[in-house]
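Here's the structure we're looking at; comments come further down.
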Amino acid sequence: MAYAITRTCCNDASCVSVCPVNCIHPTPDEPEFGTTDMLYIDPAACIDCGACADACPVDAVFPVDRLRGPDTMYGDLNRDWYRDHPNDHAWGAPTFPRSLPDGLGPLRVAVVGTGPSAGYTAQELLRTTGAEITMLDRLPVTGGLLRHGVAPDHQSTKRIAESFAGVFHDPRLRMYLNVEVGTDVTHDELAAHHHAVVYAVGAAADRRLGIPGEDLPGSLPATTFVRWYNAEPTVPADAVTLSASSCERVVVIGNGNVAVDVARILLTDPDRLAATDIADHALAALRGSRVREVVLLARRGPAEAAWTRSEFLALRQLPGVEVAVDSSGDSSAPLLDGLPQVRFDGSAGPAGARRLVLRFHSTPSALIGDDGGVTGVAVRRATGEEDVIRTGLVVRSIGHRGVPIPGLPFDGTTETVAHHGGRVDGLPGTYVVGWAKRGASGGIGANRACARETVDALLDDATARTLLPTPAATRKDLDRLIRSRRPDTMGLKELRAVDRTERTRGEAEGRPRVKLATIPDLLTAARGKP
Ligand code: NAP
């Protein structure tokens, strides 16, 4: 029986490289790879060896006859993809590991960030060279969006962290957590201690709607909401309130995967979330939540929605939640087949049952309210008509944007570090990877190919010898410098202590971990105090 790839596919193509018959596509060399939601196994070519399932970092691959519940459709989805994309599974040109010139010595590379793009960068450097790596993060815990972005009910996606843990434990890697580059150490100081510095800092800010009332109390960016339920320690426990009667309806603006995550978390039975690593404060708030209805607001139609099909299908199947489409706009699309159409009246209170309303072709023109909080969203339809949706909580989920990094050039149009192919403009020996390089799009696995491109550029420069500056100071000098600025910096030993504390607390509650949600709590655990 052939294997099939399911919803949690992370697109990092680990499965592609181990498949002995090249039956998983699109491969990173094929044009569709840049746009595909997920990868697919051709059942006609699969030889049932299971190598892909073993290699998958997120447990997304199963024999078709073992698919259960909502996952059963993935047998057909994998097969059907090949109907539209016929493929003879021919191998591309072989590639060989790079050999660096003799006498180059170990490269010293600093990687700023510890999220997925940093993890893939360090993995690639350690795998292909004898490089010594310094990894830094402003928070006293690793993971970036893997810890603070991926939704708590997507535990299998978080399993990629296990492969990065191997990278973090490599004896050639030294870690400094709780150290902010640009504040505690400057770019020039990092550059003086390394041949190369790679920025893997993501896109930390939220995009702005630019409409009146955007910053009223009760209007939150999704970046805050997501960090709140994921226990990001800079977001306070009371950043989100769900217990007010005005929160019975929540409007989520945007139609991407983050909007889907936010809607799903708001509508999921908290008992199901209780088995995850959701922040304790978020679980308590969700248990006391008055939310009964979430309106997902899109300015364009369903065919243009930015969510991936698999994430939307999972949202449609949320137990105990009615999903309906507002009938006022043109909202026909195969993905919506079978969903009831309703005449949605935003001026009235929410309907009785827990429900999700999908409203398309509706552009928010203002958030209405006063210092006491938001009371509604004024919406303009494609027809030019306006109406107001009553709500006391708005989550603006319209994407992320990068923020300038002190000492680095910034491209205001793309909201990324200014670069060419990962080489930062005008700063030899400085590189960028991930969302800080590509802009805020693509799931975790997209960072693997991105990291390869940046590391290739770095190694090309190293091979040319003249293109990388020689470090003026040693690793010991850097250690002294960082400790003088941040005596409370943390390394691997302290990170392990945090991990142990969180897992031990989790075991007692039948959860993967109970996350420590404040910086003082993380630092206390780092010192070995439970
Ligand atoms: P996104 O995919 O860029 O989606 C942004 C959404 O906001 C789009 O629907 C966009 O609509 C809308 N939007 C933008 N400006 C707007 C405006 N002024 N008014 C109204 N709507 C506006 O961003 P995201 O959801 O933050 O996701 C970021 C990346 O992370 C994506 O690649 C996503 O797939 C990935 N991610 C993946 C997962 C997963 O795989 N499970 C989970 C979370 C995030 P228009 O199309 O009309 O511009």
### Task
Please express the shape of the stretch 208-399 as an equivalent ellipsoid: the semi-axes are the square roots of 5 times the eigenvalues of the C-alpha gyration tensor, given largest first in whole angstrom.
24, 20, 15
### Task
Per residue of the stretch 370-386, in order, report the coupling 6.51 cos²θ - 1.76 cosθ + 1.60 (Karplus, θ = phi - 60°) as ³J(HN,Hα) in whole Hz, putting x for Gly and Pro.
8, 4, x, x, 6, 10, x, 10, 7, 10, 9, 7, 4, 6, x, 5, 10
### Query
Mind listing the phi-derived Karplus ³J(HN,Hα) values for the stretch 182-190, rounded to whole Hz, using 6.51, -1.76 and 1.60 with θ = phi - 60°, and x for any glycine or proline?
x, 10, 7, 9, 8, 4, 4, 5, 5
### Coarse-grained scattering of the stretch 3-84 at q = 0.16, 0.22, 0.24 Å⁻¹, given as base-10 log I(q)/I(0) from a Debye sum over alpha-carbon atoms
-0.50, -1.01, -1.23
### Message
Using square roots of five times the C-alpha gyration tensor eigenvalues, list the equivalent-ellipsoid semi-axes of the stretch 161-224 in whole Å, biggest first.
### Response
35, 18, 10
### Summary
Its Cα gyration tensor gives the stretch 447-530 an equivalent ellipsoid whose semi-axes in whole Å, largest first, are 37, 21, 8
### Message
Binning at 5 angstrom from zero up to the longest distance, how are the C-alpha pair distances of the stretch 4-48 distributed in percent?
### Response
5, 25, 35, 25, 10, 1
### Query
Can you give me the Cα centroid spacing of the stretch 137-204 and the stretch 396-462 in angstrom?
15 Å
#### Entry: Magnitude of the charge dipole, the stretch 3-84, Cβ model with Lys/Arg +1 and Asp/Glu -1, debye to 20
220 debye
### Task
Please report, in cubic angstrom per residue, the volume enclosed by the convex hull of the alpha-carbon atoms of the stretch 301-427.
184 Å³
### Query
Suppose every K and R has +1 on its Cβ and every D and E has -1 on its Cβ; what is the size of the dipole of the chain about the Cα centre, in Debye to the nearest 20?
1160 debye
### Message
Rg and Dmax in Å for the stretch 152-275, alpha carbons only: what are they?
### Response
19.0, 57
### Query
Between SER219 and residues 5 or more places away or on another chain, which pairs have amide H atoms under 5 Å apart, with H built 1.01 Å from N, and which residues are they?
VAL374, VAL394
### Summary
Under 5 Å from the placed amide H of GLY399, counting only residues 5+ away or on other chains, we find ARG207
#### Entry: Lysine pair number, Cα distance threshold 26 Å (strictly under), the chain, separation 8 or more or different chains
8
### Query
Roughly to the nearest percent, how much of the accessible area of the chain is carbon and sulfur, given a 1.4 Å probe?
51 percent
### Task
Among LEU77, LEU336, THR6, flag the residue with its Cα farthest along the positive direction of the charge dipole of the chain, charges on Cβ as +1 for Lys/Arg and -1 for Asp/Glu.
THR6
### Task
Take peptides 508-520, 3-15, 241-253 and line them up by average Cβ neighbours within 10 Å, highest first, as a rough protection proxy.
3-15, 241-253, 508-520
## Note on the structure
the chain: spread of alpha-carbon positions along the three principal axes, whole Å, largest first, is 73, 58, 49
### Query
Of all the Cα-Cα pairs you can form in the stretch 283-348, what percent are over 13 Å apart?
72 percent
### Accessible surface ranking that places the most exposed of VAL167, VAL64 first, with a 1.4 angstrom probe
VAL64, VAL167
### Message
Can you compute the charge dipole magnitude of the stretch 208-399 about its Cα centre, using +1 on each Lys and Arg Cβ and -1 on each Asp and Glu Cβ, nothing else charged? Give it in debye, rounded to the nearest 20.
### Response
280 debye
### Task
Please report the Cα spread of the stretch 35-121 along all three principal axes, rounded to whole Å, starting with the longest.
53, 32, 27
### Task
Would you kindly derive the ³J(HN,Hα) couplings of the stretch 341-357 from the backbone phi angles with the Karplus curve 6.51 cos²θ - 1.76 cosθ + 1.60 (θ = phi - 60°), listing them in order in whole Hz, with x for Gly and Pro?
9, 10, 8, 7, 10, x, 7, 8, x, x, 5, x, 6, 5, 8, 10, 10
### Query
Fully extended, how many nm does the chain gain between ARG500 and ARG300 (0.36 nm per residue separation, minus their Cα-Cα distance)?
67.4 nm
### Query
Considering amide H positions built from the backbone, and no H for Pro or chain starts, which residues 5 or more places from TYR40, or on another chain, come under 5 Å of its amide H?
HIS25
### Message
Positive end of the dipole of the chain, charges at C-beta (+1 Lys, Arg; -1 Asp, Glu), about the Cα centre: which of VAL321, HIS419, TYR176 has its Cα farthest in that direction?
### Response
TYR176
### Task
Compute the length gained on full extension between ALA348 and GLU385: take 0.36 nm times their separation in residues and subtract their Cα-Cα distance, giving the result in nm to one decimal.
11.6 nm
### Task
Grab the Cα-Cα distance for GLU180 and ASP48, subtract it from 0.36 nm times how many residues apart they are, and report the gain in nm with one decimal.
42.8 nm
### Listed peptides 482-491, 285-294 by packing density, highest first (mean Cβ within 10 Å)
285-294, 482-491
#### Entry: Förster-model FRET efficiency, 22 Å R0, SER441 and ARG208, C-beta, rounded to 0.05
0.80
### Summary
For the chain, averaging the sequence separation of alpha carbon pairs under 8 Å that lie six or more residues apart and dividing by its residue count, the contact order in percent is 18 percent
#### Entry: Disulfide-incompatible cysteines by the Cβ rule (no partner under 4.7 Å) in the chain
CYS9, CYS10, CYS19, CYS23, CYS46, CYS49, CYS56, CYS247, CYS450
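The values are calculated or read from the model by the stated rules, or taken from the named source; none is laboratory data. Since the structure is predicted, the reported quantities are computational estimates derived from the model, not experimental observations. Virtual Cβ from ideal backbone geometry, glycine too; neighbours counted across all protein chains shown. Side chains are part of the model used for accessible areas, which takes the heavy atoms of the whole protein and leaves out ligands, DNA and RNA. Shrake-Rupley method; radii C 1.70, N 1.55, O 1.52, S 1.80 Å.
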